[in-house]
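Here the structure is laid out as structure tokens; the discussion comes afterwards.
The values are calculated or read from the model by the stated rules, or taken from the named source; none is laboratory data. Computed from a predicted model, the values in this text were never measured in an experiment. Every residue, glycine among them, receives a Cβ derived from its backbone with ideal geometry; neighbour counts consider all protein chains shown. Calculation scope for accessible area: heavy atoms of the full protein, side chains included, ligands and nucleic acids excluded. Shrake-Rupley method; radii C 1.70, N 1.55, O 1.52, S 1.80 Å.
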Amino acid sequence: MGKIKKAAIVTGGSGGIGSAVCRKLAQAGHLTAICYSKGEKQAKQTAEELTAQGLTAAAFHCDITSLESIETCLEEIDRKFGQIELLVNNAGSAEIGLFTELSDERLCELMNVDLLGHMRLTKAVLPQMISRHVGNIINISSVWGEAGASCEVAYSAAKAGIIGFTKALAKECAPSGVRVNCVSCGLIDTQMNAGLSADDLRAVIDEIPLSRIGTPDEVASAVQFLAESGSSYITGQVIRVDGAWL
């Protein structure tokens with residue numbers, strides 16, 4: 001195992017992509033903070049799995065829609081792991097349906113979880129990164145943030161916002177030695193896509209040149225690449241993990 005690094009925060013750490021990212025980072029030597037909002041059981045199970053392997057990980061509750069929750073979480077992580085070196089903004093929520101039928105309450109909720117929450121957490125973490133001139137932020141977006149998807153208008157808009165947020169913040173933070181990148185996911189085998197019927201899944205896969213669905217581990221590998229020193233000259237970029245779908 002490589003040199004022990006400072007704390008790495010992964011939001012949505014209880015989900016398929018989030019838990020895969022946590023495993024990759026912990027195995028690479030990061031002190032991994034598995035942050036969850038609702039999936040406490042899954043987050044704690046992942047933490048127990050990793051600590052049983054002699055790795056360093058722990059679960060922390062963090063509701064990114066609440067500044068108070070964010071502040072409490074960061075204080076707990078600082079006490080347990082120390083300074084934060086890496087932030088992976090992965091938490092997300094989706095809604096399939098006509099935009100005209102989306103309630104204002106649900107619209108605001110989606111934008112808060114899929115965009116504003118990530119901006120809120122990043123804003124809280126950035127000062128210590130900037131003051132030390134070291135830090136790495138990796139945002140998880142979607143191909144729908146690049147191309148847009150019918151019946152997923154709010155989700156697409158939020159994910160497009162994540163891409164714009166990545167590119168702008170990367171330019172702002174580069175002089176302070178902080179990198180900001182984005183991973184844009186295609187069709188990945190997660191709970192978010194579990195509701196697709198066999199026929200719908202087959203129809204989508206037929207449009208993907210690699211002719212298969214992607215795995216959370218493949219997304220995690222892209223995150224791990226961006227997290228390591230070998231990508232130190234890469235910032236403000238969007239790495240697409242989609243089997244050449246777009």
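Could you tell me whether Leu246 is open to solvent by 20 Å² or more (accessible area, probe 1.4 Å), assigned to a loop (DSSP other than H, G, I, E, B) and among the hydrophobic types (A, V, I, L, M, F, W, C)? Yes; evaluated as a whole, the condition is true for this residue. When region 202-220 is filtered for residues that are among the basic types (Lys, Arg) and either part of a helix (DSSP H, G or I) or without any contact (Cβ under 8 Å) to a residue 12 or more places away in the chain (or both), only Arg202 remains. Pro209 falls short on exactly one of the conditions (1) open to solvent by less than 20 Å² (accessible area, probe 1.4 Å); (2) closer than 19 Å to Glu146 by Cα, and that condition is (1). Among the residues making up region 144-164, those that are surrounded by fewer than 21 Cβ atoms within 10 Å (Cβ to Cβ) and not in a loop (DSSP other than H, G, I, E, B) are Glu146, Ala147, Val153, Ala157, Ala160, Gly161, Ile163, Gly164. In region 221-246, the residues that are over 19 Å from Leu169 (Cβ atoms) reach residues that are of a type in the set (Asp, Glu) and part of a loop (DSSP other than H, G, I, E, B) with C-beta atoms within less than 8 angstrom, at least six apart or across chains, in these pairs: Trp245/Glu207. Counting the residues of region 166-201 that are touching a helix residue (DSSP H, G or I) at 6+ places or on another chain (Cβ under 6 Å), in a helix (DSSP H, G or I) and surrounded by 18 or more Cβ atoms within 10 Å (Cβ to Cβ) gives 0.
Residues that are under 27 Å from Gly13 (Cβ atoms) and modelled with pLDDT of 95 or more were ranked within region 185-207; the one that is nearest to the chain's Cα centre (by Cα) is Cys185.
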